[in-house]
There are 2 protein chains.
Amino acid sequence: MEPQITPIACAPGAPTAQALKVACSNCNLRELCLPVTLAEDEMQRLDSLVEGRKVIRRGETLFRAGDTFHSIYAVRTGFFKTRVSAPDGRDQVTGFLMAGELLGFDGIGTDRHTCDAVALEDAQVCTIPFAQLENLSREFTPLQRQFHKIMSREIVRDHGVMLLLGSMRAEERLAAFLLNLTRRLHSRGFSASELVLRMTREEIGSYLGLKLETVSRAFSKLQDDGVLEVKQRQVRVLDEAALRALIDSGR
Amino acid sequence: MEPQITPIACAPGAPTAQALKVACSNCNLRELCLPVTLAEDEMQRLDSLVEGRKVIRRGETLFRAGDTFHSIYAVRTGFFKTRVSAPDGRDQVTGFLMAGELLGFDGIGTDRHTCDAVALEDAQVCTIPFAQLENLSREFTPLQRQFHKIMSREIVRDHGVMLLLGSMRAEERLAAFLLNLTRRLHSRGFSASELVLRMTREEIGSYLGLKLETVSRAFSKLQDDGVLEVKQRQVRVLDEAALRALIDSGR
DNA sequence: CGTTTGCTTGACAGCATTCAACGTTGGTGG
DNA sequence: CCACCAACGTTGAATGCTGTCAAGCAAACG
């Protein structure tokens, strides 16, 4: 029940000035994004498919519920949240996405997006036109396999969140959330014990099914217990084992 | 935020005696399961792909977390639940599946299933070997499209459940659950206002992130309010508008 | 017909929410 | 450069919803 990375496309190893076009073949996120070994010509096909980077400023949306679906997006830099909204206005953050992760799968089913994707900091994404991705994946089996795996992991990830929302108490939810974040950051070369949150307490709360005050209290509690050191959005994990103990010896 | 039907394969229009092999081309669930218009030869290919029915008795599992993944399954008759388990033993029902719906997508990502699928009543399923489904979908674009749509809808459905678990109160959750069930039953030709639950209060509770006593109380409350008539697992919806009002004018 | 399993209801406890006040941070403009 | 403002975060007190524990009842099964 621990969410996975959901990768596919592209960010340049050493970006040439003003390079609007980005080559997957030369992308330092390749391992995360689309971990498939490709022959050279196949990789070129993939490159030609992916459109150049697109910039989204902090607070702006990459897409919104109701927008017609055209493309999957790969995060190159920055940080996103996705959220769904009920007719009465209440909404739920359904995920946080960092470099190398993909978003937009929600739109395939109905040809319209069903959630909003909001940048939590200035961000760049690669645009992958879905029709072309489908075309290429028909010709190229490993790409097809990988694509299916990524969607499946998204489903598994969501099941993990459902478990969290359905059966954990506030502190346990926060522990699971932090462990998930640090694991993903660590696999990107960042510290496994120190992190800077890119989202507010309210957004964390929405994701975890808690009110912002409860999130704040849970942070304070874990700090008092010597498990974390928290200074606003700066978090240091002092006792990872204690975090783990919280979630898998729950009740 | 209302879950959708997730269809693909097969059940016979008029089952010939002892027919182990089932033809999708002659299946009365075709509309639900794999709503794709196919040429005759293409349909034959699909038929040859789907293995005959498999019987699962009430309480038995179709697959379990950890089992190696081979196939997607289409429910022909009966009723399933899927559930994920945390290392400490607590588990969460992640879905209820009825005739015409598909299960097993969780296994694609890691080549192992990540949840259990349990029959809540004697059931029959069609087995669709995944490797062959991938092969056929490479050749046959509409099948590919449909398959992707189905997985996407599964993701969207899960987002709806996350919204429910994250922001609704007990009665609202139950209302959303009942509306979802009646809609799916209605699209199968059953009454939209009368239903027989195939799961226990505890299973409903697990799905909705509530204890069984809370589920029971919510049923009683809705009955007292004249919205439902409840006799154990027999439920009649007296005021569907009231149910809807509960969920989309929540707080 | 008895036993088991599932459902209902009550009383009480506990955890998260609500409401409110205060503190902190970062950005903006005087 | 500093003051101010707005957004964000922390903390306390009280309320309330859901969970827990327990008892009794109904239905299903052998």
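Neighbour counts of C-beta atoms inside 10 Å place B:His70, A:His113 in the sequence B:His70, A:His113, starting with the fewest. Decide, for chain B, between rounded, prolate and oblate: order the square roots of the alpha carbon gyration tensor eigenvalues as a ≥ b ≥ c, take rounded if a/c falls under 1.5, and otherwise choose prolate if a/b is larger than b/c, else oblate. Since a/c reaches 1.5 and a/b is larger than b/c, the shape of chain B is classed as prolate.
Can you compute the FRET efficiency between A:Arg183 and B:Phe190 using 1/(1 + (r/R0)^6), with r the Cβ-Cβ distance and R0 = 41 Å? Round to the nearest 0.05.
Rounded to the nearest 0.05, the efficiency is 0.35.
Extension gain for B:Asp224-B:Glu60 works out to 55.4 nm (0.36 nm per residue, less the C-alpha to C-alpha distance). Here the Karplus relation 6.51 cos²θ - 1.76 cosθ + 1.60, evaluated at θ = phi - 60°, turns the backbone of the stretch B:52-57 into coupling constants of x, 5, 10, 9, 10, 7 Hz, with x for every Gly and Pro. Amide H to amide H, with H built 1.01 Å from N, A:Leu120 comes under 5 Å of A:Gly59, A:Phe79, A:Phe80, A:Lys81, counting only residues 5 or more places away or on other chains. What the phi angles of the stretch A:171-187 give under the Karplus curve with 6.51, -1.76 and 1.60, with θ = phi - 60°, is a coupling list of 4, 5, 4, 5, 4, 4, 4, 5, 4, 4, 4, 5, 4, 5, 5, 4, 5 Hz, glycine and proline written as x. Distance from the C-alpha centroid of the stretch B:32-84 to that of the stretch A:83-152: 26 Å, rounded to the whole angstrom. Placing unit charges on the Cβ atoms of the charged side chains and taking the dipole of chain B about its Cα centre, the candidate lying farthest along the positive direction among B:Val36, B:Gly104, B:Leu46 is B:Gly104. The P(r) of the stretch B:105-212 has a tail past 20 Å containing 58 percent of all C-alpha pairs. Per residue, the average separation of C-alpha pairs within less than 8 Å and at least 6 apart gives chain B a relative contact order of 20 percent.
The simple spin-label model puts a point 7 Å past each Cα toward its Cβ; for A:Thr200 and B:Lys211 those points are separated by 3.4 nm. Tell me which of B:Leu212, B:Ser191, B:Thr141 sits at the most positive position along the dipole axis of the stretch B:102-248, charges placed on C-beta atoms (Lys, Arg +1; Asp, Glu -1). Looking along the dipole axis, the top candidate is B:Thr141. Taken about its Cα centre, the stretch A:112-201 carries a charge dipole of about 220 debye when Lys and Arg each add +1 at the Cβ and Asp and Glu each add -1 at the Cβ. Taking the label point 7 Å along Cα→Cβ, B:Gly226 and its counterparts in the other copies are spaced 6.1 nm apart, in ascending order.
The charge dipole of the protein assembly as shown, taken about the Cα centre with unit charges on the Cβ atoms of Lys, Arg (+1) and Asp, Glu (-1), comes to about 500 debye, rounded to the nearest 20.
Please state, to two decimals, what the Cα-based radius of gyration of the protein assembly as shown comes to when divided by 2.2 N^0.38 Å (N = residues).
In units of the 2.2 N^0.38 Å rule of thumb, it is 0.98.
With neighbour counts taken as other beta-carbon atoms within 10 Å, the residues A:Thr114, A:Thr37, B:Thr127 rank, fewest first, as A:Thr37, B:Thr127, A:Thr114.
Restricting the trypsin sites (Lys or Arg not before Pro) of the stretch B:116-180 to loop positions (DSSP other than H, G, I, E, B) with no more than 15 neighbouring Cβ atoms within 10 Å leaves B:Arg169. Taking all Cα pairs closer than 8 Å and separated by 6 or more residues, the relative contact order of the stretch A:80-160 comes to 24 percent.
At 222 nm, what helix-only mean residue ellipticity would the protein assembly as shown give, in deg cm²/dmol to the nearest 500, using -39500 (n - 2.57) for each DSSP H run of four or more?
Value at 222 nm, helices only, nearest 500: -12000 deg cm²/dmol.
Please give the average number of partner chain Cβ atoms lying within 10 Å of the Cβ of each residue in A:142-155, rounded to a whole number.
Taking the mean over all residues of the peptide, I get 5.
Summarising the label geometry, the points placed 7 Å from Cα in the beta-carbon direction at B:Asp67 and A:Glu121 lie 4.4 nm from one another. Listed by chain and number, the aspartates and glutamates placed with their C-alpha closer than 15 angstrom to that of B:Lys81 are B:Glu60, B:Asp91, B:Glu101, B:Asp106, B:Asp116, B:Glu121, B:Asp122, B:Glu154, B:Asp158, B:Glu202, B:Glu203; residues fewer than eight positions away on the same chain are left out.
Coordinate-derived values only; no laboratory data. Please read all numbers here as calculations on a predicted model, not as lab measurements. A quick note on method: Cβ atoms are made from the backbone with ideal geometry, for glycine too, and the neighbour counts reach across all protein chains shown.
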